[in-house]
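Data block below; observations after.
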């Protein structure tokens with residue numbers, strides 16, 4: 001599949017484990033892993049970072065293969081979901097960084113284009129999340145504000 005704005009193919013992200021079954025080297029029970037997820041979420045980590053910490057520090061290749069639940073589902077059940085989804089939050093953060101850069105470098109045209117593309121991605125995601133019921137319909141996006 002091609003990239004959104006470049007027309008190039010590029011590489012996709014990291015590869016998931018081939019087997020969907022619980023690996024033999026894991027000593028943790030599903031309840032223990034859920035408790036670890038909750039502990040890491042209470043420490044302020046987003047779901048993607050929780051998965052990386054579990055993979056690197058605890059040797060858990062996939063939370064779903066062990067608990068039969070995704071990290072976001074575990075957080076949802078315990079009402080620890082972030083207010084806005086993580087991908088939208090990171091795009092908003094990126095947009096504010098580009099805007100800060102543009103205040104200093106007013107003639108940086110590639111950054112201006114990047115700002116337009118990032119803004120359009122944010123608006124597209126907001127429309128999707130409102131349609132799916134993840135964001136409330138009265139939720140509004142204010143440019144430059146970090147949520």
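The values are calculated or read from the model by the stated rules, or taken from the named source; none is laboratory data. Predicted, not measured: the structure shown is a model, and the values here were computed from it. A quick note on method: Cβ atoms are made from the backbone with ideal geometry, for glycine too, and the neighbour counts reach across all protein chains shown.
Descriptive notes on the structure:
- Residues of region 70-91 that are closer than 16 Å to residue 144 by Cα, surrounded by 13 or more Cβ atoms within 10 Å (Cβ to Cβ) and out of contact with any helix residue (DSSP H, G or I) (no Cβ under 6 Å at 6 or more places or on another chain): 84, 89.
- The residues of region 52-68 that are farther than 16 Å from residue 39 by Cβ and not in a helix (DSSP H, G or I), listed by number, are 59, 61, 62, 68.
- Boolean, residue 142 is at pLDDT below 95, under 24 Å from residue 44 (Cα atoms) and surrounded by fewer than 10 Cβ atoms within 10 Å (Cβ to Cβ): yes
Okay, residues lined up against (1) out of contact with any helix residue (DSSP H, G or I) (no Cβ under 8 Å at 6 or more places or on another chain); (2) assigned by TED's automatic domain parsing to the domain that holds residue 50; (3) assigned to a helix (DSSP H, G or I):
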{"position": "93", "(1), (2), (3)": "yes, no, yes"}
{"position": "98", "(1), (2), (3)": "no, no, yes"}
{"position": "126", "(1), (2), (3)": "no, no, yes"}
{"position": "142", "(1), (2), (3)": "yes, no, no"}
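- Hits in region 7-51 - residues which are under 12 Å from residue 80 (Cβ atoms) and assigned to a loop (DSSP other than H, G, I, E, B): 43, 44, 45, 46
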